[in-house]
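Everything on this sheet refers to the single structure shown next.
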Amino acid sequence: MLRRLDAAVSGARSGLERLESREGVRRAIFLLLLALIGGVMLLLNAHTPLMMDDYDYSFSWSTGERVSGLADVIASQAVHYRLWGGRSVVHALAQLFLSMDKRVFDAANALMYLLLLLELYALARPAGRRWCWPLLLVAHGALFCGVPFFGTVFLWLTGACNYLWGTALALTPLLVLRSAMEGGFFSKGRRLILALPVCFLAGWTNENTACGVLALVLVILLGLRMQKKRVPGGLWAALAAQALGVAVMLLAPGNYARASGYGYDSIVMELLRRLVTVAAYTVLYAGALAAAFVLVLGLARALGVKRRTGRALLLMLGALLAAGAMVASPVASDRSWTGVIALALCAVMTLCGDIDAQVRGMDAAKLAALPLLCVLLAFGGAQALSDVGAHEAAWTAQVARIEAAAAAGEESVSVEGVVSRSRFTMDVTLSHDAKDWPNSTLTRAFGINVNGP
């Protein structure tokens, strides 16, 4: 009896291993997981309402009127660049989406989340190994379950344009670099010309991630030069384009106008305060990934796996460089660590990819666990949708009160903010006076004085 059971188990395991060895099967699983994740993200986006800064960026900084097209967005961002900050690319995206039906953003943002996952996958996967679907699950699982401000950076319109779209764009020079050095699309010098505008825009995204990636690309290119390896000249041109984008962002007059509002008794003490703050945030948001990095590295070593340790360490260095760039900012917000998390996660995924590609004895276990993983993925999405739906209903009720009061011709209305009770939502905080932000933006948007509690 035991022999028959053992034979049955061995036969099932052999069958699963043969299935996993087929590229067509791995491709089908990979695409199925992408579709499942994309569907969950589309639903979450559809039930995340416009909030906070969305109302502000619905209006042109140039004319004070609602933005209604690309020309309005360009004029608005020209003024925004002078008065407020240099993140023109991501804020232009936000204003462009706010000039359209929100369903356009919902679909585009779900696709952009998938693109970010694919970018992390492309940076981490082993050369010659395609459709490593476990890496896709690692990427989504770490972000979906591990980012405490998920809704703020991946679902909320203005936040997603800044941090999801900004991070995805900021990482593209690393993809160009890998492609050029490993015989990919950009390995032919002339094709690198196509990368120049992309790298320029990648630098013009957000301060810490763009600066961290710029520094990382520079370190990699200098390392290759010191090893006397051939570096295509186009990569240096791409680096220059990236640096130009960073410079355009950092030299925005609006950055200095905002910074002038902060006063410091001692610049040394202020820098020390920032260092401590940045270190604390980095441990809080990337500490678990750093620990996972050490554990996976130890596991790979114990299994005798050939490891791309150098590549993984460089990605972890990029995460630290992106975090360190925050020292130059007078204000540190949790969502600014999105790029840090992405780079640290990519370092962990690199080692996971080595294990997945070389330890064939895991193939049967992976396929056997796949149905359960899909159920957990769907269940987690359903739970998140429940949280987002409750938050949407609470804020929609307040918006309905504002619209009803405006329709009745009342001069003012008092509404409540909405407290976030999930990592998939964010607080809607109102001040007491209609003249204070964000109430002032609501007042302009709905044509009635909106007072807070």
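Which shape class applies to region 248-401: rounded if a/c is under 1.5, otherwise prolate when a/b exceeds b/c and oblate if not, where a ≥ b ≥ c are the square roots of the Cα gyration tensor eigenvalues? Taking the square roots of the gyration eigenvalues as a ≥ b ≥ c, region 248-401 is oblate. The label-point distance for residue 63 and residue 333, in a model that sets each label 7 Å from Cα toward Cβ, rounds to 2.7 nm. The C-alpha atoms of the chain define a longest principal axis, and helix 233-250 lies at about 30 degrees to it.
The mean sequence separation of alpha-carbon pairs under 8 Å and at least six residues apart, normalised by the residue count of region 373-453, gives a relative contact order of 28 percent.
Angle, helix 70-83 long axis vs. longest principal axis of the chain, Cα atoms, 0 to 90°, nearest 10? Around 80 degrees separate the two axes. Expressed as a fraction of 2.2 N^0.38 Å, the value expected for a compact globular protein of N residues, the C-alpha radius of gyration of the chain is 1.07.
Cα centroids of region 146-194 and region 366-434: 28 Å apart. Ranking 135, 58, 281 by Cα position along the charge dipole of the chain, where only Lys, Arg, Asp and Glu carry charges on their C-beta atoms, puts 135 farthest toward the positive end.
Computed packing ranks the peptides 50-62, 73-85 as 50-62, 73-85, most packed first, by mean other Cβ atoms within 10 Å. Distant-in-sequence amide contacts of residue 414, defined by a placed amide H-H separation under 5 Å and a gap of 5 or more residues or a different chain, comprise 451. Note on the chain: dipole from Cβ charges, positive end direction compared against 333, 39, 446; the farthest Cα belongs to 39.
Note on the chain: helix-only mean residue ellipticity at 222 nm, from DSSP H runs of 4+ residues weighted -39500 (n - 2.57) and normalised by residue number, equals -23500 deg cm²/dmol. Rounded to the nearest 20 debye, the dipole magnitude of the chain is 2760 debye, with +1 charges on Lys and Arg beta carbons, -1 on Asp and Glu beta carbons, and the Cα centre as origin. Per residue, the solvent-accessible area of the chain (1.4 Å probe, heavy atoms of protein chains only, all protein chains present) comes to 46 Å².
Highest mean packing comes first when the peptides 93-105, 189-201 are listed by Cβ atoms within 10 Å, giving 93-105, 189-201. Take every Cα pair under 8 Å whose residues are at least 6 apart in sequence, average their separation, divide by the length of the chain, and the relative contact order is 19 percent.
Counting only residues at least eight positions apart within a chain, or on another chain, the lysines with an alpha carbon under 30 Å from that of residue 188 are 228, 229, 306. The phi torsions of region 219-231, fed into the Karplus equation with coefficients 6.51, -1.76 and 1.60 and a -60° offset, translate into couplings of 4, 5, 5, 5, x, 5, 5, 5, 7, 6, 8, 6, 10 Hz, rounded to whole numbers, with Gly and Pro shown as x.
Local charge for residue 161 was computed over the other residues whose Cβ lies under 14 Å away, with Lys and Arg +1 and Asp and Glu -1, and equals -1. All other residues with a Cβ under 15 Å from the Cβ of residue 410 taken together, and with Lys, Arg as +1 and Asp, Glu as -1, what is their net charge? Charge balance near residue 410 sits at -1.
So how tilted is helix 363-407 from the main axis of the chain? Cα-based, degrees 0 to 90, rounded to 10. Rounded to the nearest ten degrees, it is 0. Per atom type, the chain shows carbon and sulfur on 65% of its accessible surface, probed at 1.4 Å. The order of the peptides 316-323, 285-292 by mean Cβ neighbours within 10 Å, most packed first, is 316-323, 285-292. State whether region 79-215 is rounded, prolate or oblate according to the following rule on the C-alpha gyration tensor (a ≥ b ≥ c being the square roots of its eigenvalues): a/c under 1.5 gives rounded; otherwise a/b larger than b/c gives prolate, and the remaining case gives oblate. Since a/c reaches 1.5 but b/c is at least a/b, the shape of region 79-215 is classed as oblate.
The values are calculated or read from the model by the stated rules, or taken from the named source; none is laboratory data. Remember, it's a predicted structure, so these values are computed and weren't measured experimentally. We place every Cβ from the backbone using ideal geometry, glycine too, and count neighbours over all the protein chains shown. Just the protein is used for accessible areas: all its heavy atoms, side chains included, with ligands, DNA and RNA removed. Shrake-Rupley method; radii C 1.70, N 1.55, O 1.52, S 1.80 Å.
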